[in-house]
Amino acid sequence: MTNRGVAKATSRRRIAHVRRRSRRTPVWWRDAIGVLCWGSVLLVIALWLSGRGVQLLGAGPADLLTSLGRLSGLVAADLLLVQVFLMARVPMIERSYGQDELARRHRLVGFWSFNLLMVHVGLILGGYTLRDHNDLLRETWSVVTTYGGMLLAVAGSLALTVVVLTSVRAARRALRYESWHLLHLYAYVGVGLSVPHEIWTGADFATSPVARVYWWSAYAVALVAVLVYRAALPLWRTLRHGLTVREVIREGPGVVTVMLAGRGLHRMPVQAGQYFVFRFLDGPGWSRGNPYSLSASPAPDLLRVTAKAAGDGSSRLAELRPGTKVAIEGPYGRLTGERRVTGKVAMFACGIGITPLRALLEELAYRPGDAILVYRAQDADDVVFHRELEQLARCRGITVHYLLGRRIRTRQSWLPETAAAWTDEDAMRALVPDISQYDVYVCGPDRWMDAVCVAAAGSGLPPNQLHQERFSW
């Protein structure tokens with residue numbers, strides 16, 4: 001980075017301290033969201049009970065299987081809507097949980113929903129087979145070809161199966177992020193195709209006005225949330241702020257910084273530590289969005305992102321030309337100053353994980369001597385923003401520790417091999433004395449972050465003072 005770049009970074013810091021204010025998310029939001037999600041499941045069970053669900057359990061084997069099949073299908077449909085709603089980027093939900101935790105909950109709810117859907121299919125077909133005194137294959141064919149909306153439901157189930165199979169950890173590792181994200185959009189297809197089946201053949205829709213009101217409302221809320229927060233709001237912010245590529249800077253081996261110019265960025269509710277999903281409108285591949293953290297505190301007319309080439313999207317950054325238009329979704333993320341509880345901060349970064357932490361060091365308020373940065377890298381060439389970090393250290397009194405070298409191969413550790421004689425906790429206490437008085441921010445590869453978090457907890461850090469956000473998909 002040139003001296004001009006350092007000057008820009010320093011000026012952004014001064015602006016940030018004047019105009020950026022951390023707005024703390026109300027704690028009760030999280031509880032309210034949990035109550036609503038569980039409440040929707042309980043309401044669905046109550047509707048099943050009111051529709052003679054229990055009475056049918058004792059009416060014979062066919063009715064028993066059919067009634068349980070109805071219950072599993074209703075709960076599966078409700079969880080599917082909860083799953084969609086969790087990932088609709090609703091600000092209240094996103095700020096309460098953060099996208100990394102939402103993604104984990106979304107995946108868990110999704111697997112439960114899919115498993116209940118398979119139970120629903122098996123029980124319903126079993127019940128109908130007993131009722132009609134038919135064999136399973138003929139009954140399946142009859143149900144699919146004669147019941148309203150069943151062909152669409154089968155197509156929807158296949159779409160959801162694709163989503164579930166590609167959500168398994170081994171499959172995610174084998175797929176590029178761009179391919180996985182595209183396949184994951186089939187979840188919306190699956191939800192949409194399941195609606196006609198529920199309306200045309202669902203016993204609750206046919207017999208209960210209350211159930212009809214609930215299900216129409218639930219589908220409408222999910223649809224509006226997706227249209228507003230996944231489509232309309234990103235489009236509006238893209239048009240309003242008019243981001244374009246101003247400059248592309250090569251920071252080091254495979255690492256690129258992109259300077260983005262825009263208008264009225266001070267009106268955007270963004271903080272250091274957050275990220276956007278960017279689409280660079282420069283030709284083939286423009287429709288595939290990629291998440292990048294801000295690597296500098298946002299200025300009224302400038303955003304900056306830095307990424308390491310790890311896939312098709314990040315590899316394209318080096319080829320961007322000034323003037324390229326940019327579409328955005330966001331800002332997202334909870335790795336911000338609003339969760340701080342102390343006046344001191346300690347940052348633990350590994351590799352390109354330095355990007356959001358560098359922005360936080362620039363924007364957060366702290367006294368000289370009350371900030372520590374521990375930066376883990378393979379070697380000196382892999383240290384990103386070295387000059388900027390040294391400049392920030394001089395201007396703001398930050399203590400910087402560089403931990404260079406290969407990883408320790410004999411144990412899972414956040415330390416380099418040169419520090420293998422130290423335990424993780426002893427090294428933590430040596431680098432950050434009185435760690436319980438600090439807010440600790442962590443960003444890097446998952447396994448490295450796990451080791452840092454374990455060492456911090458073992459060194460006496462209270463859980464509410466540990467701040468992390470996982471960017472693995």
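The values are calculated or read from the model by the stated rules, or taken from the named source; none is laboratory data. In this text the structure is predicted, and so the values were computed from the model without any measurement. No Cβ is skipped: glycine too gets one built from the backbone with ideal geometry, and neighbour counts run over all protein chains shown. Accessible surface is based on the protein model in full, side chains and every heavy atom, while ligands, DNA and RNA are left aside. Shrake-Rupley method; radii C 1.70, N 1.55, O 1.52, S 1.80 Å.
With the highest mean first, a sort of the peptides 143-151, 123-131 on other beta-carbon atoms found within 10 angstrom per residue produces 123-131, 143-151.
Projecting the Cα atoms of Leu466, Ala261, Trp28 onto the dipole axis of the chain, where Lys and Arg carry +1 and Asp and Glu carry -1 at the beta carbon, places Ala261 farthest toward the positive end.
Computed from Cα positions, the angle between helix 354-363 and the longest principal axis of the chain comes to roughly 70 degrees.
DSSP bridge analysis restricted to the chain gives an antiparallel fraction near 55%, rounded to the nearest 5.
Highest-first packing order for the peptide set 228-236, 439-447 is 439-447, 228-236, based on the mean count of other beta carbon atoms within 10 Å. Taking 0.36 nm per residue of separation and subtracting the Cα-Cα distance, full extension of the segment from Arg447 to Val162 would add 99.8 nm.
Per-residue ellipticity at 222 nm from helix content only, as computed over the chain with -39500 (n - 2.57) for each DSSP H run of at least four residues, stands at -16500 deg cm²/dmol. Projecting label points 7 angstrom from Cα along Cα→Cβ for Trp112 and Ala309 puts them 4.4 nm apart. Considering only alpha-carbon pairs that sit under 8 angstrom and 6 or more positions apart, the relative contact order computed for the chain is 14 percent. Placing Lys344, Lys325, Lys308 in order of accessible area, with the largest value first and a 1.4 Å probe, yields Lys325, Lys308, Lys344. Taken along the Cα-to-beta-carbon direction at a fixed 7 Å, the label points for Ile199 and Ala380 span 6.8 nm.
Taken about its Cα centre, the chain carries a charge dipole of roughly 1600 debye when the Cβ of each Lys and Arg holds +1 and the Cβ of each Asp and Glu holds -1. In terms of overall dimensions, the chain has a Cα radius of gyration and Dmax of 25.9, 83 angstrom. For segment 360-377 versus segment 255-324, the inter-centroid distance based on Cα atoms is 23 Å.
If packing is taken as the average count of other Cβ atoms within 10 Å, what order do 326-334, 258-266 fall into, highest mean first?
Values: 326-334: 21.6, 258-266: 18.0.
Listed from highest to lowest mean packing, they are 326-334, 258-266.
Modelled spin labels at Ala220 and Ser436, positioned 7 Å past Cα toward Cβ, are 5.4 nm from each other.
When a 1.4 Å probe is rolled over the protein heavy atoms, the share of accessible surface on the chain that falls to carbon and sulfur comes to 63 percent. With protein chains left intact and a 1.4 Å probe, residues in segment 343-416 average 39 Å² of accessible area per residue.
May I ask you to derive the FRET efficiency for Glu319 and Thr244 from their Cβ-Cβ distance with R0 = 22 Å, giving the value to the nearest 0.05? The partial results should precede the final answer.
Values: r = 16 Å, r/R0 = 0.71.
With a Förster radius of 22 Å, E is 0.90.
Ordering Gly323, Ala365, Leu281 by the projection of their Cα atoms onto the charge dipole of segment 270-397, which places +1 on the Cβ of Lys and Arg and -1 on the Cβ of Asp and Glu, puts Ala365 at the extreme positive end.
Given a Förster radius of 35 Å and the C-beta distance between Glu417 and Arg387 as r, what FRET efficiency does 1/(1 + (r/R0)^6) yield to the nearest 0.05? Mind showing how you got there, number by number?
On the way: r = 27 Å, r/R0 = 0.76.
It comes to 0.85.
Against the main long axis of the alpha-carbon atoms of the chain, helix 27-50 sits at an angle near 10°.
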